[in-house]
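The values are calculated or read from the model by the stated rules, or taken from the named source; none is laboratory data. Since the structure is predicted, the reported quantities are computational estimates derived from the model, not experimental observations. Ideal geometry is used to build each Cβ from the backbone, glycine not excepted, and the neighbour counts take in all protein chains shown. These accessible areas exclude ligands, DNA and RNA; they are computed on the full protein's heavy atoms, side chains included. Shrake-Rupley method; radii C 1.70, N 1.55, O 1.52, S 1.80 Å.
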Amino acid sequence: MGQVRFGTVQDLFQAYPLARYDVGKADVDKPSLDFLQGATDARNWHPAVSYCAYLLPRRVAVAWGCRSLRLMFDHFDASDTRSLNIVETWVRQPDEQSRNKALAVGNANDPEQPATWLALAAGWSGGSVVPPEFAPVEAKPDQAARAVRAALLIGLCRLPRDSRDRIMTSCLEDGIQLARGEPRPPR
């Protein structure tokens, strides 16, 4: 078992001040995994998704986002499939070339599509967030987490009501396992 990245809600909020607004009201003394499990058990999807996106390291959060979107939807249009494939390439091989490719796809695609936000999350995971012909501009520390959050909340809004709780529980249980450093079965 791995070490949880932020022991308590307060630890996470100190590292990412904007997370307070994305997560909402939370007992700051609560251990991170207890908060996340409680939000999941209560089906409080917005705070649970938001907290998990910040709790996981950037690359792991993007991988979790990809796994979750694939669990949410059986079918993607060609643009979303292409975006997800590019993001998953970056997850497997997180070099500058694949990060820049994901960033370009995220900047070019429809911001109403969840896969676009995962491409941006990969692109905003580190390095410059502007094209190479410009002076480098570093990503803000919370940009990747906020983009993963946006992708999954857009996906959540599109889920059929009758399967929403089942799918979101599976997605968040996967995120909790990732946060614990537990091995996960492939999907």
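How many residues are in contact (Cβ under 8 Å) with a residue 24 or more places away in the chain and assigned to a loop (DSSP other than H, G, I, E, B) when one looks only at segment 105-129?
The total comes to 8.
Looking at (1) at pLDDT 95 or above; (2) open to solvent by less than 50 Å² (accessible area, probe 1.4 Å); (3) within 17 Å of the chain's Cα centre (by Cα); (4) farther than 30 Å from residue 7 by Cβ, find the lone condition where residue 91 falls short.
In the conditions (1) at pLDDT 95 or above; (2) open to solvent by less than 50 Å² (accessible area, probe 1.4 Å); (3) within 17 Å of the chain's Cα centre (by Cα); (4) farther than 30 Å from residue 7 by Cβ, residue 91 misses (4) alone.
Please determine, by comparing only the residues of segment 1-59 that are free of Cβ contacts under 8 Å to residues at least 40 places away in the same chain and acidic (Asp, Glu), which one is farthest from residue 126 (Cα to Cα).
Out of the qualifying residues, it is 41.
Return the residues of segment 135-187 that are surrounded by 15 or more Cβ atoms within 10 Å (Cβ to Cβ) and among the basic types (Lys, Arg); say none if nothing qualifies.
If the condition is that a residue be surrounded by 15 or more Cβ atoms within 10 Å (Cβ to Cβ) and among the basic types (Lys, Arg), then 146, 149, 164 are the ones that fit.
Here is a check on your reading of the model: is residue 37 among the polar types (S, T, N, Q) and either in a strand (DSSP E or B) or within 20 Å of residue 182 (Cβ to Cβ) (or both)?
yes
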